[in-house]
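See below for the structure under consideration.
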């Protein structure tokens with residue numbers, strides 16, 4: 001079963017369900033959303049639910065955004081039998097839409113919902129450059145300090161891998177969520 005997109009930050013966990021509704025099946029989708037919201041609103045740890053629909057007269061992707069207080073609450077929701085049954089029901093009149101991030105991004109976009117904007121690319125580039133500069137400097141100095149005498153290309157490959165790994169799981173989440181959050185989304 002497809003998992004919904006889950007985003008974790010210091011204020012809790014957000015789960016985004018995105019679905020393309022089959023033509024003529026909008027009523028069934030609305031009933032599904034009502035049932036999903038009714039169940040989720042009483043679920044332990046739920047902080048709120050938002051629904052986003054395409055503009056009137058336009059087809060598109062529908063979204064339901066859930067906020068939970070912590071990962072345990074969100075995972076309990078994701079693994080609940082009622083949610084699984086409702087998702088199976090929704091598969092009869094809609095298709096689950098999946099969005100994958102590159103790993104360097106901590107923001108996400110919802111297609112056809114211009115009211116939720118991502119930071120400008122120039123701001124993303126500045127924050128990424130800072131992260132790459134800091135991490136590559138650390139790893140270059142570390143390799144020089146270790147003085148392993150390895151081939152330039154092998155050292156460069158190792159440094160590149162360390163920079164990418166540190167950016168993906170540590171540096172960029174820290175810079176985007178803590179250091180530059182207000183500036184990025186201003």
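The values are calculated or read from the model by the stated rules, or taken from the named source; none is laboratory data. Since the structure is predicted, the reported quantities are computational estimates derived from the model, not experimental observations. Cβ: placed from backbone, ideal geometry, glycine included. Neighbour counts: every protein chain shown.
Without any contact (Cβ under 8 Å) to a residue 24 or more places away in the chain and more than 17 Å from residue 97 (Cβ to Cβ), is that true of residue 45?
Values: without any contact (Cβ under 8 Å) to a residue 24 or more places away in the chain: no; more than 17 Å from residue 97 (Cβ to Cβ): yes.
No, not satisfied.
Among the residues of region 48-62, just one is closer than 18 Å to residue 35 by Cβ and at pLDDT below 80, namely 53.
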